[in-house]
Amino acid sequence: MTRTSDETIVRLAIEAALQAGASAAEGFFSRSSSTTVEVSGGKVENVKVRDGSGIGVRVLVETRLGFAHTSDLSDSAVKKTAKDAVANAQSSAPDPYNRLPAFISADKYRTELGLAPLDEALVSGRIGMEERIDRALSMESTARAYDKRIAKVRQSSVSDAVHESYVSNSNGVGIHHRITSCTASILAVAEANGEASQMGWDFEHSFAFKDLHVKPVGARAAQRALELLGARKIETATVPVILDAPVAGEFLAAVGQALMADQVQKRKSLFAGRVGENVANDAVTIIDDGMYERGIAPAPADGEGVPSQKTVLIDSGTLKGFLHNAYTAARDGVASTGNGVRSSYASLPEVGPSNFYLVPGTVTRTDLIAGCSRAYLVTDVMGMHTVDSVSGDFSVGATGLWIEDGKVKFPVRETTIAGNVRDVLLNIKAVGDDLKFYSRFGSPTI
(Lines give C-alpha, C1' and ligand atoms only; values in the text may rest on other atoms or scores of the structure.)
Protein backbone atom coordinates (compact mmCIF):
# COMPACT_ATOMS: atom_id res chain seq x y z
CA MET A 1 0.00 0.00 0.00
CA THR A 2 1.31 3.47 -0.91
CA ARG A 3 0.40 6.34 1.37
CA THR A 4 -0.41 9.62 -0.37
CA SER A 5 -0.35 11.99 2.61
CA ASP A 6 3.03 13.59 3.17
CA GLU A 7 2.36 13.88 6.88
CA THR A 8 1.42 10.20 7.08
CA ILE A 9 4.59 9.18 5.26
CA VAL A 10 6.78 11.26 7.54
CA ARG A 11 5.04 10.04 10.68
CA LEU A 12 5.51 6.42 9.56
CA ALA A 13 9.25 7.05 9.03
CA ILE A 14 9.70 8.65 12.45
CA GLU A 15 7.85 5.85 14.24
CA ALA A 16 9.85 3.19 12.41
CA ALA A 17 13.14 4.89 13.26
CA LEU A 18 12.29 5.19 16.94
CA GLN A 19 11.23 1.54 17.05
CA ALA A 20 14.56 0.58 15.44
CA GLY A 21 16.51 2.27 18.22
CA ALA A 22 16.81 5.94 17.30
CA SER A 23 16.96 8.44 20.18
CA ALA A 24 15.45 11.10 17.90
CA ALA A 25 14.17 11.02 14.34
CA GLU A 26 13.24 13.41 11.56
CA GLY A 27 11.49 12.98 8.23
CA PHE A 28 11.75 15.42 5.34
CA PHE A 29 9.30 14.81 2.51
CA SER A 30 9.36 16.83 -0.69
CA ARG A 31 7.47 16.76 -3.95
CA SER A 32 8.19 18.94 -6.96
CA SER A 33 6.92 19.24 -10.50
CA SER A 34 8.38 21.53 -13.14
CA THR A 35 8.05 22.37 -16.80
CA THR A 36 10.66 24.13 -18.92
CA VAL A 37 10.19 25.27 -22.51
CA GLU A 38 13.17 26.38 -24.60
CA VAL A 39 12.74 28.00 -28.02
CA SER A 40 15.13 29.34 -30.64
CA GLY A 41 14.60 30.63 -34.16
CA GLY A 42 10.85 30.68 -33.65
CA LYS A 43 10.76 26.95 -32.96
CA VAL A 44 10.53 24.79 -29.88
CA GLU A 45 13.97 23.35 -29.14
CA ASN A 46 13.29 21.48 -25.95
CA VAL A 47 10.53 20.69 -23.46
CA LYS A 48 11.41 19.25 -20.07
CA VAL A 49 8.75 17.97 -17.70
CA ARG A 50 9.90 16.66 -14.34
CA ASP A 51 7.94 15.26 -11.42
CA GLY A 52 9.46 13.65 -8.38
CA SER A 53 9.00 13.03 -4.69
CA GLY A 54 10.75 11.27 -1.86
CA ILE A 55 11.65 11.28 1.79
CA GLY A 56 14.90 11.71 3.68
CA VAL A 57 15.17 10.26 7.20
CA ARG A 58 17.69 11.69 9.66
CA VAL A 59 18.17 10.04 13.04
CA LEU A 60 20.26 10.27 16.16
CA VAL A 61 21.39 7.31 18.20
CA GLU A 62 22.62 9.23 21.24
CA THR A 63 25.05 11.60 19.47
CA ARG A 64 25.64 9.49 16.38
CA LEU A 65 24.03 10.74 13.16
CA GLY A 66 22.50 8.58 10.46
CA PHE A 67 20.71 9.40 7.22
CA ALA A 68 18.97 7.53 4.41
CA HIS A 69 16.50 8.46 1.67
CA THR A 70 14.14 6.90 -0.86
CA SER A 71 11.81 7.83 -3.70
CA ASP A 72 9.75 4.69 -3.08
CA LEU A 73 6.93 5.84 -0.83
CA SER A 74 5.41 2.44 -0.09
CA ASP A 75 5.09 1.57 3.59
CA SER A 76 7.72 -1.14 3.40
CA ALA A 77 10.25 1.12 1.62
CA VAL A 78 9.73 3.98 4.08
CA LYS A 79 10.20 1.63 7.06
CA LYS A 80 13.33 0.14 5.52
CA THR A 81 14.76 3.60 4.91
CA ALA A 82 14.19 4.52 8.54
CA LYS A 83 15.94 1.32 9.68
CA ASP A 84 18.82 2.02 7.28
CA ALA A 85 19.22 5.49 8.78
CA VAL A 86 19.46 3.96 12.26
CA ALA A 87 22.01 1.39 11.06
CA ASN A 88 24.07 4.19 9.49
CA ALA A 89 23.98 6.10 12.77
CA GLN A 90 25.14 3.10 14.76
CA SER A 91 28.24 2.84 12.59
CA SER A 92 29.07 6.57 12.58
CA ALA A 93 31.30 8.51 14.96
CA PRO A 94 29.73 10.28 17.96
CA ASP A 95 29.55 14.07 17.81
CA PRO A 96 28.16 16.06 20.76
CA TYR A 97 26.88 18.80 18.45
CA ASN A 98 24.55 16.53 16.48
CA ARG A 99 20.96 17.39 17.31
CA LEU A 100 17.50 17.87 15.86
CA PRO A 101 15.72 21.19 16.41
CA ALA A 102 13.08 21.46 19.11
CA PHE A 103 9.60 22.81 18.46
CA ILE A 104 9.25 26.55 18.96
CA SER A 105 5.90 28.12 19.79
CA ALA A 106 3.59 28.49 16.80
CA ASP A 107 3.72 32.29 16.85
CA LYS A 108 7.40 32.10 15.93
CA TYR A 109 6.58 30.68 12.50
CA ARG A 110 5.98 33.48 10.02
CA THR A 111 3.31 31.73 7.99
CA GLU A 112 1.86 34.79 6.28
CA LEU A 113 2.44 33.35 2.83
CA GLY A 114 0.41 36.11 1.24
CA LEU A 115 3.90 37.40 0.44
CA ALA A 116 4.22 34.52 -2.02
CA PRO A 117 0.70 33.28 -2.83
CA LEU A 118 0.24 29.97 -4.58
CA ASP A 119 -0.60 30.15 -8.26
CA GLU A 120 -3.67 27.94 -8.25
CA ALA A 121 -3.60 27.82 -12.05
CA LEU A 122 -0.22 26.07 -11.87
CA VAL A 123 -1.20 23.83 -8.96
CA SER A 124 -4.38 22.67 -10.71
CA GLY A 125 -2.68 22.19 -14.08
CA ARG A 126 -4.72 24.85 -15.88
CA ILE A 127 -1.63 26.33 -17.55
CA GLY A 128 -1.26 24.50 -20.84
CA MET A 129 1.85 23.77 -22.87
CA GLU A 130 0.75 26.17 -25.61
CA GLU A 131 0.65 29.04 -23.12
CA ARG A 132 4.19 28.27 -22.02
CA ILE A 133 5.44 28.03 -25.61
CA ASP A 134 3.71 31.27 -26.56
CA ARG A 135 5.35 33.04 -23.64
CA ALA A 136 8.82 31.83 -24.64
CA LEU A 137 8.25 32.72 -28.32
CA SER A 138 6.98 36.18 -27.34
CA MET A 139 10.16 36.85 -25.37
CA GLU A 140 12.31 35.74 -28.31
CA SER A 141 10.40 37.79 -30.88
CA THR A 142 10.61 40.88 -28.66
CA ALA A 143 14.38 40.56 -28.52
CA ARG A 144 14.67 39.97 -32.28
CA ALA A 145 12.42 42.94 -33.09
CA TYR A 146 14.24 45.28 -30.71
CA ASP A 147 16.91 46.14 -33.29
CA LYS A 148 17.96 44.80 -36.68
CA ARG A 149 21.42 44.15 -35.24
CA ILE A 150 20.06 41.36 -33.03
CA ALA A 151 21.20 38.49 -35.21
CA LYS A 152 19.80 35.62 -33.20
CA VAL A 153 18.59 34.42 -29.88
CA ARG A 154 20.51 31.44 -28.58
CA GLN A 155 17.89 30.45 -26.10
CA SER A 156 14.61 31.78 -24.81
CA SER A 157 13.44 29.78 -21.82
CA VAL A 158 10.33 29.81 -19.63
CA SER A 159 10.05 27.56 -16.58
CA ASP A 160 7.51 27.01 -13.85
CA ALA A 161 7.46 24.77 -10.82
CA VAL A 162 5.37 23.71 -7.85
CA HIS A 163 7.34 22.74 -4.75
CA GLU A 164 5.90 21.14 -1.63
CA SER A 165 7.63 19.96 1.52
CA TYR A 166 6.84 18.68 4.99
CA VAL A 167 9.42 18.37 7.74
CA SER A 168 8.69 16.84 11.13
CA ASN A 169 10.68 15.34 13.98
CA SER A 170 10.21 13.54 17.27
CA ASN A 171 10.82 16.80 19.14
CA GLY A 172 7.47 18.18 18.01
CA VAL A 173 8.44 20.09 14.85
CA GLY A 174 5.95 19.84 11.99
CA ILE A 175 5.98 22.36 9.14
CA HIS A 176 4.27 22.13 5.75
CA HIS A 177 5.12 24.48 2.89
CA ARG A 178 4.03 24.89 -0.73
CA ILE A 179 5.21 27.47 -3.23
CA THR A 180 4.96 28.13 -6.95
CA SER A 181 7.76 29.72 -8.93
CA CYS A 182 8.15 30.93 -12.53
CA THR A 183 11.24 32.16 -14.37
CA ALA A 184 12.12 33.55 -17.78
CA SER A 185 15.62 33.89 -19.21
CA ILE A 186 17.04 34.76 -22.61
CA LEU A 187 20.41 35.11 -24.33
CA ALA A 188 20.45 37.50 -27.30
CA VAL A 189 23.30 37.93 -29.79
CA ALA A 190 24.10 41.23 -31.52
CA GLU A 191 26.22 41.60 -34.67
CA ALA A 192 27.12 44.60 -36.84
CA ASN A 193 29.66 45.68 -39.47
CA GLY A 194 31.80 42.59 -39.21
CA GLU A 195 32.57 43.25 -35.55
CA ALA A 196 32.79 40.47 -33.00
CA SER A 197 29.33 39.38 -31.89
CA GLN A 198 28.20 40.32 -28.39
CA MET A 199 25.76 38.61 -26.06
CA GLY A 200 23.21 39.99 -23.64
CA TRP A 201 21.35 38.01 -21.00
CA ASP A 202 18.42 38.79 -18.78
CA PHE A 203 16.23 37.02 -16.24
CA GLU A 204 12.94 37.51 -14.44
CA HIS A 205 11.14 35.69 -11.62
CA SER A 206 7.56 35.64 -10.35
CA PHE A 207 5.44 33.50 -8.08
CA ALA A 208 2.53 33.31 -10.54
CA PHE A 209 2.52 32.54 -14.26
CA LYS A 210 0.29 35.52 -15.05
CA ASP A 211 2.85 37.82 -13.45
CA LEU A 212 5.75 36.58 -15.57
CA HIS A 213 6.12 39.48 -18.01
CA VAL A 214 8.52 38.28 -20.68
CA LYS A 215 8.62 41.10 -23.22
CA PRO A 216 10.68 43.41 -20.96
CA VAL A 217 13.11 40.51 -20.43
CA GLY A 218 13.64 40.13 -24.16
CA ALA A 219 14.10 43.87 -24.61
CA ARG A 220 16.65 44.15 -21.79
CA ALA A 221 18.69 41.23 -23.12
CA ALA A 222 18.77 42.83 -26.57
CA GLN A 223 19.84 46.16 -25.14
CA ARG A 224 22.62 44.52 -23.11
CA ALA A 225 23.97 42.85 -26.26
CA LEU A 226 23.76 46.01 -28.37
CA GLU A 227 25.57 48.23 -25.88
CA LEU A 228 28.63 45.97 -26.10
CA LEU A 229 29.03 46.20 -29.88
CA GLY A 230 32.36 47.70 -30.84
CA ALA A 231 33.97 46.74 -27.55
CA ARG A 232 37.65 47.59 -27.29
CA LYS A 233 40.56 46.86 -24.99
CA ILE A 234 41.87 49.48 -22.58
CA GLU A 235 45.18 50.20 -20.91
CA THR A 236 45.76 49.20 -17.30
CA ALA A 237 44.16 51.78 -15.02
CA THR A 238 43.06 52.40 -11.46
CA VAL A 239 39.55 53.84 -11.61
CA PRO A 240 36.27 53.72 -9.71
CA VAL A 241 34.24 50.65 -10.60
CA ILE A 242 30.47 50.35 -10.85
CA LEU A 243 29.18 46.80 -10.45
CA ASP A 244 25.92 46.32 -12.34
CA ALA A 245 23.23 44.63 -10.25
CA PRO A 246 23.74 41.09 -11.68
CA VAL A 247 27.51 41.37 -11.16
CA ALA A 248 27.06 42.84 -7.69
CA GLY A 249 24.86 39.85 -6.91
CA GLU A 250 27.69 37.49 -7.87
CA PHE A 251 30.10 39.46 -5.70
CA LEU A 252 27.61 39.32 -2.82
CA ALA A 253 27.40 35.54 -3.21
CA ALA A 254 31.17 35.34 -2.75
CA VAL A 255 30.89 37.53 0.36
CA GLY A 256 27.96 35.45 1.56
CA GLN A 257 29.90 32.19 1.56
CA ALA A 258 32.31 33.75 4.06
CA LEU A 259 29.34 34.61 6.31
CA MET A 260 28.21 30.99 6.66
CA ALA A 261 29.00 29.67 10.14
CA ASP A 262 30.41 26.35 8.90
CA GLN A 263 33.05 28.21 6.89
CA VAL A 264 33.87 30.40 9.87
CA GLN A 265 34.22 27.36 12.15
CA LYS A 266 36.57 25.75 9.65
CA ARG A 267 38.63 28.96 9.60
CA LYS A 268 37.89 29.31 5.90
CA SER A 269 36.35 32.76 6.17
CA LEU A 270 37.90 36.21 5.99
CA PHE A 271 35.36 37.27 8.65
CA ALA A 272 36.43 34.74 11.30
CA GLY A 273 36.95 36.42 14.68
CA ARG A 274 35.75 39.83 13.47
CA VAL A 275 32.25 40.14 14.94
CA GLY A 276 31.75 43.69 16.18
CA GLU A 277 34.39 45.11 13.85
CA ASN A 278 33.89 47.53 10.99
CA VAL A 279 34.22 45.38 7.85
CA ALA A 280 32.46 47.58 5.26
CA ASN A 281 31.50 51.14 4.45
CA ASP A 282 28.57 52.43 6.49
CA ALA A 283 26.46 52.35 3.29
CA VAL A 284 26.55 48.55 3.50
CA THR A 285 23.86 46.59 5.33
CA ILE A 286 23.54 42.89 4.46
CA ILE A 287 20.52 40.85 5.56
CA ASP A 288 19.27 37.29 5.19
CA ASP A 289 15.50 36.97 5.56
CA GLY A 290 13.66 33.71 4.97
CA MET A 291 10.35 35.50 4.36
CA TYR A 292 11.55 38.55 2.45
CA GLU A 293 8.78 39.54 0.06
CA ARG A 294 11.18 40.52 -2.74
CA GLY A 295 13.22 37.34 -2.52
CA ILE A 296 13.00 34.21 -4.64
CA ALA A 297 12.44 31.57 -1.95
CA PRO A 298 10.27 32.75 0.97
CA ALA A 299 9.26 30.02 3.42
CA PRO A 300 7.96 29.85 7.01
CA ALA A 301 10.86 27.61 8.11
CA ASP A 302 14.14 26.18 6.90
CA GLY A 303 14.83 22.58 5.88
CA GLU A 304 15.08 21.53 9.53
CA GLY A 305 11.82 23.14 10.62
CA VAL A 306 13.46 26.10 12.36
CA PRO A 307 11.36 29.27 11.90
CA SER A 308 12.54 31.67 9.23
CA GLN A 309 13.89 34.91 10.57
CA LYS A 310 15.47 38.17 9.55
CA THR A 311 19.20 38.10 10.35
CA VAL A 312 21.25 41.27 10.01
CA LEU A 313 24.78 40.15 9.19
CA ILE A 314 26.44 43.48 8.48
CA ASP A 315 24.75 46.57 9.89
CA SER A 316 25.95 49.90 8.46
CA GLY A 317 29.37 48.36 7.96
CA THR A 318 29.64 46.51 11.30
CA LEU A 319 29.80 42.70 11.33
CA LYS A 320 27.02 41.37 13.58
CA GLY A 321 27.22 37.60 13.13
CA PHE A 322 26.84 34.59 10.85
CA LEU A 323 24.21 32.25 9.46
CA HIS A 324 23.64 28.97 11.31
CA ASN A 325 21.86 25.66 11.02
CA ALA A 326 21.21 23.50 14.09
CA TYR A 327 24.64 21.86 14.05
CA THR A 328 26.79 24.99 13.69
CA ALA A 329 24.61 26.78 16.24
CA ALA A 330 25.27 24.00 18.77
CA ARG A 331 29.02 24.26 18.13
CA ASP A 332 28.95 28.00 18.85
CA GLY A 333 26.43 27.81 21.68
CA VAL A 334 23.91 30.04 19.90
CA ALA A 335 20.45 29.63 18.36
CA SER A 336 20.01 28.54 14.74
CA THR A 337 19.20 31.44 12.41
CA GLY A 338 16.93 29.19 10.33
CA ASN A 339 19.47 28.57 7.60
CA GLY A 340 19.50 24.80 7.40
CA VAL A 341 19.06 24.48 3.64
CA ARG A 342 18.37 21.24 1.75
CA SER A 343 18.87 20.85 -1.98
CA SER A 344 16.42 17.90 -1.97
CA TYR A 345 15.03 15.12 0.17
CA ALA A 346 18.21 13.18 -0.65
CA SER A 347 20.51 15.60 1.16
CA LEU A 348 21.24 16.64 4.72
CA PRO A 349 20.64 20.28 5.68
CA GLU A 350 23.67 22.49 5.15
CA VAL A 351 24.22 26.11 6.12
CA GLY A 352 22.95 28.27 3.27
CA PRO A 353 21.19 31.52 2.38
CA SER A 354 17.43 31.96 2.24
CA ASN A 355 16.94 35.41 0.71
CA PHE A 356 20.33 37.08 1.16
CA TYR A 357 20.64 40.69 0.02
CA LEU A 358 22.40 44.00 0.18
CA VAL A 359 19.91 46.61 1.39
CA PRO A 360 19.24 49.07 -1.46
CA GLY A 361 19.98 52.75 -1.25
CA THR A 362 18.08 55.66 -2.79
CA VAL A 363 20.22 56.59 -5.80
CA THR A 364 19.32 55.35 -9.27
CA ARG A 365 21.69 53.45 -11.54
CA THR A 366 21.56 56.39 -13.96
CA ASP A 367 22.63 58.79 -11.22
CA LEU A 368 25.43 56.48 -10.13
CA ILE A 369 26.82 56.66 -13.66
CA ALA A 370 26.22 60.41 -13.95
CA GLY A 371 28.18 61.00 -10.76
CA CYS A 372 31.42 59.54 -12.19
CA SER A 373 33.88 61.66 -14.14
CA ARG A 374 35.77 58.49 -15.11
CA ALA A 375 34.80 54.91 -14.24
CA TYR A 376 34.34 51.35 -15.43
CA LEU A 377 30.82 49.92 -15.36
CA VAL A 378 31.19 46.14 -15.15
CA THR A 379 28.23 44.34 -16.73
CA ASP A 380 29.57 40.79 -16.77
CA VAL A 381 32.28 38.82 -14.99
CA MET A 382 33.85 35.40 -15.34
CA GLY A 383 35.33 33.50 -12.43
CA MET A 384 33.75 35.15 -9.39
CA HIS A 385 33.54 31.70 -7.82
CA THR A 386 37.36 31.74 -7.59
CA VAL A 387 37.39 34.45 -4.90
CA ASP A 388 39.62 33.28 -2.04
CA SER A 389 37.27 33.11 0.94
CA VAL A 390 40.15 33.27 3.43
CA SER A 391 42.36 36.04 2.06
CA GLY A 392 39.63 37.81 0.10
CA ASP A 393 41.85 38.16 -2.97
CA PHE A 394 40.24 37.97 -6.40
CA SER A 395 41.10 38.42 -10.05
CA VAL A 396 38.28 37.91 -12.53
CA GLY A 397 37.60 38.50 -16.21
CA ALA A 398 35.24 41.38 -16.95
CA THR A 399 33.27 43.07 -19.71
CA GLY A 400 31.54 46.42 -19.45
CA LEU A 401 31.24 50.06 -20.37
CA TRP A 402 33.73 52.91 -20.03
CA ILE A 403 32.34 56.03 -18.36
CA GLU A 404 33.60 59.57 -18.86
CA ASP A 405 31.95 62.79 -17.71
CA GLY A 406 28.98 60.83 -16.39
CA LYS A 407 28.19 59.17 -19.71
CA VAL A 408 28.91 55.88 -21.44
CA LYS A 409 31.74 56.45 -23.95
CA PHE A 410 32.40 52.97 -25.35
CA PRO A 411 32.15 49.27 -24.47
CA VAL A 412 35.14 47.42 -23.06
CA ARG A 413 36.23 43.81 -23.50
CA GLU A 414 38.91 41.40 -22.29
CA THR A 415 39.71 43.13 -19.02
CA THR A 416 40.62 41.79 -15.62
CA ILE A 417 39.52 43.39 -12.39
CA ALA A 418 41.55 42.50 -9.33
CA GLY A 419 41.54 43.39 -5.68
CA ASN A 420 40.48 42.19 -2.25
CA VAL A 421 36.98 41.67 -0.87
CA ARG A 422 37.91 43.59 2.30
CA ASP A 423 38.94 46.64 0.28
CA VAL A 424 35.85 46.48 -1.93
CA LEU A 425 33.48 46.37 1.07
CA LEU A 426 35.24 49.25 2.80
CA ASN A 427 35.26 51.36 -0.37
CA ILE A 428 31.65 51.02 -1.50
CA LYS A 429 30.72 54.66 -1.94
CA ALA A 430 27.09 54.32 -2.99
CA VAL A 431 24.40 51.65 -3.24
CA GLY A 432 21.72 51.86 -5.92
CA ASP A 433 17.97 51.47 -5.53
CA ASP A 434 17.61 48.67 -8.13
CA LEU A 435 17.71 45.57 -5.91
CA LYS A 436 17.10 42.37 -7.87
CA PHE A 437 17.46 38.68 -7.08
CA TYR A 438 18.95 36.39 -9.69
CA SER A 439 19.30 33.53 -7.19
CA ARG A 440 19.03 33.40 -3.41
CA PHE A 441 21.50 36.35 -3.47
CA GLY A 442 20.19 39.78 -4.45
CA SER A 443 21.92 43.13 -4.86
CA PRO A 444 21.44 46.59 -6.32
CA THR A 445 24.06 48.28 -8.49
CA ILE A 446 27.00 49.43 -6.32
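The values are calculated or read from the model by the stated rules, or taken from the named source; none is laboratory data. Just so it is clear, the structure is predicted and the values come from calculations on it, not from any experiment. Note that we place each Cβ from the backbone using ideal geometry, even for glycine, and neighbour counts take in every protein chain shown. What goes into the accessible areas is simple: the full protein's heavy atoms, side chains included, and nothing from ligands, DNA or RNA. Shrake-Rupley method; radii C 1.70, N 1.55, O 1.52, S 1.80 Å.
Observations on the model:
- Sequence-separation-based contact order of the chain, relative, with Cα cut under 8 Å and 6+ spacing, percent: 15 percent
- Beyond 27 Å in Cα-Cα separation lie the following of the pairs LYS210/LYS436; LYS407/LYS429; LYS79/LYS266: LYS79/LYS266.
- Partners of LYS48 within straight-line reach, counting aspartates and glutamates whose Cα lies under 16 Å from its Cα and excluding those fewer than 8 residues away in the same chain: GLU38, GLU130, GLU131, ASP134, ASP160.
- Karplus 3J(HN,Hα) series, Hz, for the stretch 208-220 with 6.51 cos²θ - 1.76 cosθ + 1.60 (x for Gly, Pro): 10, 4, 5, 8, 8, 8, 8, 4, x, 5, x, 5, 5
- Remark: the Cα gyration tensor places the stretch 318-446 in the prolate category, a/c being 1.5 or greater and a/b exceeding b/c.
- Here the accessible area of the stretch 50-206 is 48 percent carbon and sulfur, with a 1.4 angstrom probe and all protein chains present.
- Lys/Arg +1, Asp/Glu -1 at C-beta; the chain dipole; positive extreme among ILE428, SER32, THR236: THR236
- CD proxy at 222 nm, helix term only [per DSSP H run n ≥ 4: -39500 (n - 2.57); per residue of the chain; nearest 500]: -6500 deg cm²/dmol
- Residue among THR416, THR236, THR364 with the largest mean-square fluctuation in a Gaussian network model of the chain, springs linking Cα atoms under 10 Å: THR236
- Bridgeable aspartates and glutamates around LYS310 (alpha carbons under 16 Å apart, same-chain partners fewer than 8 residues away excluded): ASP107, GLU112, ASP288, ASP289, GLU293, ASP302.
- Choice from VAL284, VAL239, VAL39 showing the highest fluctuation, given a GNM over the chain with Cα pairs closer than 10 Å: VAL239
- Extension gain, GLU404 to THR364, is 12.6 nm, computed as 0.36 nm per intervening residue step minus the present C-alpha separation.
- Under a model in which nothing but the beta-carbon of Lys, Arg (+1) and Asp, Glu (-1) is charged, the stretch 119-249 shows a dipole of about 300 debye around its Cα centre.
- Global form of the stretch 154-286, assessed from the alpha-carbon gyration tensor, a/c cut-off 1.5: oblate
- Given +1 at the Cβ of Lys and Arg, -1 at the Cβ of Asp and Glu and no other charges, the dipole of the chain around its Cα centre is 420 debye to the nearest 20.
- Amide proton proximity set for PHE103, modelled H, under 5 Å, gap of 5+: VAL173
- One Cα centroid belongs to the stretch 336-350, the other to the stretch 158-214; the line between them spans 20 Å.
- Dipole axis of the chain (+1 Lys, Arg; -1 Asp, Glu on Cβ), positive-most option in PRO101, ASN193, VAL341: ASN193
- Neighbours of ALA85 by Cβ distance under 14 Å: Lys/Arg scored +1, Asp/Glu scored -1, total +2.
- The angle between the Cα long axis of helix 129-146 and the main principal axis of the chain comes to about 20°, on a 0 to 90 degree scale.
- Listed residues PHE28, PHE203, PHE410, most fluctuating in the chain (Gaussian network, C-alpha, under 10 Å): PHE410
- Percent accessible area from carbon and sulfur atoms, the stretch 234-371, protein chains only, probe 1.4 Å: 47 percent
- Straight-distance crosslink candidates among aspartates and glutamates, where the alpha carbon sits under 20 Å from LYS409 and sequence neighbours closer than 8 are dropped: GLU191, GLU195, GLU227, GLU235, ASP244, ASP367, ASP380
- Whole-Hz Karplus values for the stretch 5-15 come out as 7, 4, 5, 5, 4, 5, 4, 4, 5, 5, 4 Hz, taken residue by residue from phi with 6.51 cos²θ - 1.76 cosθ + 1.60 and θ = phi - 60°; glycine and proline positions read x.
- Taking a ≥ b ≥ c as the square roots of the eigenvalues of the Cα gyration tensor, the chain is classed as oblate, since a/c reaches at least 1.5 and a/b does not exceed b/c.
- Residues GLU350 and ALA272, FRET efficiency given R0 of 22 Å [Cβ-Cβ distance, rounded to 0.05]: 0.75
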